[in-house]
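The values are calculated or read from the model by the stated rules, or taken from the named source; none is laboratory data. Please read these numbers as outputs of a predicted model, since none were measured by experiment. With ideal geometry, Cβ positions are generated from the backbone for all residues, glycine too; neighbour counts draw on all protein chains shown. For the accessible areas, the whole protein counts, side chains as well, though only heavy atoms, and no ligand, DNA or RNA atoms are used. Shrake-Rupley method; radii C 1.70, N 1.55, O 1.52, S 1.80 Å.
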Amino acid sequence: MIRIFMVGMSTDKGGVEAYIRNLSGFLSDEKYEIVYAWPVMHIDGKIWECPENRHNYYKYVKFWKRFFKENHFDVIYYNACDIVSVDLLKFAKQAGVPVRIIHSHNTENQMKLNMFHRITEKRNRKSIEKIATNLLACSDDAGYWMFPGKNFTVTKNGIDYSKYRYQLRNRTECRKSIDVANDYLVGCIGRLDPQKNPLMSVEIMKEISKLNANTKFVFLGDGKLHSQVEQRIKKYKLEDRIILLGARDDANKWYSALDCLLMPSLFEGLPFTLVEAQAAGLSCVVSNTVSSDANITGLIEYIDLNQSTKVWAEYILEACKKKRVETKEQLIRAGYSIQDTAKQVDKIIQTSLEKNM
């Protein structure tokens, strides 16, 4: 049995977490045992409580060195949105973990970096090939950003198509839950964090309300900007039009309920959300900062972030008129089947084990 230490899970319902859940579900139970990095872990009858952060660095280092020394792993799979800290890969290497994978899921830092972070990031980029045995990226852009000048493998965010395909039952159920019948329904699915630009989404929704009085909106997700989004909605008196649904376990059903997905992100790798939306045949209007690789099926319309909210609103209302299309074969041909992703990852692990054992 090959034991993997999987890093990147959290209580968020974001794209990285969805990727990990999907991948883990399709890696063979007979071949792999997956241990997820959590604040509290139960491994082989022992409880491990991780340090909350790196502020007490001596305690932090002591914990992780002991953790990797006492727990055998064949693989560490580090899902990363930045390269500021790759400590766990370093500790895993020191402990003799033979396969050390880092997988880039972004094209820019999610947090504002201070000088120390920038220096650390630069150093980690330079030395990453000495720390990790395999460099993976969800898209070319995500790889070029995290691993400039280095060889990496594109491993796509495959999905289980059957979970996301359009279903009338899901559409009816979701819309009924928020008392929406035949109105257009526009949605944002993702964290309410600066990267996702949710305050601009509210501005766009305000403009749509002027153009079409029968359009409703939903946010699925939560984050640090929740209160600001809520305040902005109240400021524009749009409480009866914009619904904050919070983080959901049934987001897959809401793709059927929506008429358009809105994503004015400041930056993205290749958003998992857009792959899922296209599986449902849903039209998407996104910022021009999103990778062009995301447009797998032709359902995505790219708009410059500098365009007025009225222009965004007009594109969204046009998108709402479009009929659903069947996209399964396009997604499979483009490599977005989770079965194919799991096979690729399995091959990478097997090959790397043979090479590094």
| note | Per the filter on the stretch 189-218, residues outside any helix (DSSP H, G or I), open to solvent by less than 10 Å² (accessible area, probe 1.4 Å) and free of Cβ contacts under 8 Å to residues at least 60 places away in the same chain are L192, F217, V218
| note | Selection from the stretch 42-51 of residues part of a loop (DSSP other than H, G, I, E, B) and either surrounded by 10 or more Cβ atoms within 10 Å (Cβ to Cβ) or of a type in the set (A, V, I, L, M, F, W, C) (or both) yields C50, P51
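For (1) in a loop (DSSP other than H, G, I, E, B); (2) open to solvent by 10 Å² or more (accessible area, probe 1.4 Å); (3) among the hydroxyl-bearing types (S, T, Y), each residue gets a yes or a no:
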| position | (1), (2), (3) |
| --- | --- |
| V275 | no, no, no |
| L282 | yes, no, no |
| L305 | yes, yes, no |
| E329 | no, yes, no |
| D340 | no, yes, no |
| K343 | no, yes, no |
| message | Out of the residues in the stretch 219-234 meeting the condition of being touching a residue at least 12 places away in the same chain (Cβ under 8 Å) and not in a loop (DSSP other than H, G, I, E, B), tell me which one is surrounded by the fewest Cβ atoms within 10 Å (Cβ to Cβ). | response | Q228
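This table checks each residue for (1) among the small types (G, A, S); (2) buried (at least 18 other Cβ atoms within 10 Å of the Cβ); (3) free of Cβ contacts under 8 Å to residues at least 24 places away in the same chain; (4) in a helix (DSSP H, G or I).
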position	(1), (2), (3), (4)
F73	no, yes, no, no
I83	no, yes, no, no
L89	no, yes, no, yes
N124	no, yes, no, yes
A142	yes, yes, no, yes
N157	no, yes, no, no
K163	no, no, no, yes
R171	no, yes, no, yes
G187	yes, yes, no, no
| Candidate set: the stretch 143-174, residues that are basic (K, R) and in contact with a Ser or Thr (Cβ under 9 Å, 6 or more places away or on another chain); chosen: the one farthest from R118 (Cα to Cα) | R169
| Are there any pairs with C-beta distances below 8 angstrom linking a residue in the stretch 323-334 that is under 15 Å from V275 (Cβ atoms) to a residue that is open to solvent by 90 Å² or more (accessible area, probe 1.4 Å) and part of a helix (DSSP H, G or I), with the two at least 6 apart or on different chains, and if so which? | none
| task | Scan the stretch 235-242 and give yes if some residue there is in contact (Cβ under 8 Å) with a residue 60 or more places away in the chain, over 24 Å from Q307 (Cβ atoms) and either open to solvent by 10 Å² or more (accessible area, probe 1.4 Å) or not hydrophobic (A, V, I, L, M, F, W, C) (or both), otherwise no. | result | no
| Sole exception among (1) at pLDDT 95 or above; (2) buried (at least 19 other Cβ atoms within 10 Å of the Cβ) for K310, by number | (2)
